[in-house]
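Here it is, the structure, as structure tokens.
The values are calculated or read from the model by the stated rules, or taken from the named source; none is laboratory data. As the structure is a prediction and not an experimental result, all values here were calculated from the model. A quick note on method: Cβ atoms are made from the backbone with ideal geometry, for glycine too, and the neighbour counts reach across all protein chains shown.
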Amino acid sequence: MRLLLSAALTALALPALADGVTTYATDDSFDDAAFAVETAIVGRGLVIDYVSHVGEMLARTKDDVGGTMDLFDDADVFLFCSATASRAVMEADPMNIAHCPYGVFVTGKGDEVMIGYRNMPDGPMQEVQALLDDIAREAAGQ
């Protein structure tokens, strides 16, 4: 029962989440795209705090949670912060801390590789969204 409820809630949440994400396709391999994201982040003087290997976790736990499909061949999320952008958005509203750290993801499934990020709310957080968009576009070669 719990699994069915979880699946139903996930199915309901996916369209709303998809609306809140910006993605760019790239012709690069997953590894090259991941390297491009890392380079775009570090090239701005930012430090990657953590790389979440979401694809590995989903593959490893698929059978344990009753998964029925392989979602990605590879999927990583690069998490980082920007002292400059974070200071600006949190001085505007300290509760913007909820959006930190920021993440840019890379997914690969077959020949399709995507680079993207979660959209930020209107207002001061658009400064962070512009940073995320610059990083994703650069990494995707757009």
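In the range 111-140, how many residues are touching a helix residue (DSSP H, G or I) at 6+ places or on another chain (Cβ under 9 Å), hydrophobic (A, V, I, L, M, F, W, C) and within 18 Å of ALA75 (Cα to Cα)?
Number of matching residues: 7.
Listed here are the residues, each with its yes/no results for (1) surrounded by fewer than 21 Cβ atoms within 10 Å (Cβ to Cβ); (2) acidic (Asp, Glu); (3) modelled with pLDDT of 95 or more; (4) part of a helix (DSSP H, G or I).
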residue	(1), (2), (3), (4)
GLY67	yes, no, no, no
VAL77	yes, no, yes, no
THR84	yes, no, yes, yes
MET90	yes, no, yes, yes
MET95	yes, no, yes, yes
VAL113	no, no, yes, no
PRO121	yes, no, yes, no
ASP134	yes, yes, yes, yes
ARG137	yes, no, yes, yes
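How many residues does the range 111-142 contain that are among the polar types (S, T, N, Q) and in contact with a Ser or Thr (Cβ under 7 Å, 6 or more places away or on another chain)?
1
Still on this model: Looking at the range 34-50, which of its residues are crowded, with 16+ Cβ neighbours inside 10 Å and in contact with an Asp or Glu (Cβ under 9 Å, 6 or more places away or on another chain)?
Of everything in the range 34-50, those that are crowded, with 16+ Cβ neighbours inside 10 Å and in contact with an Asp or Glu (Cβ under 9 Å, 6 or more places away or on another chain) turn out to be ALA34, ALA36, VAL37, ALA40.
Being basic (Lys, Arg) and surrounded by 19 or more Cβ atoms within 10 Å (Cβ to Cβ) is the filter here, so list the residues in the range 97-111 that pass it.
Result: no residue meets the conditions.
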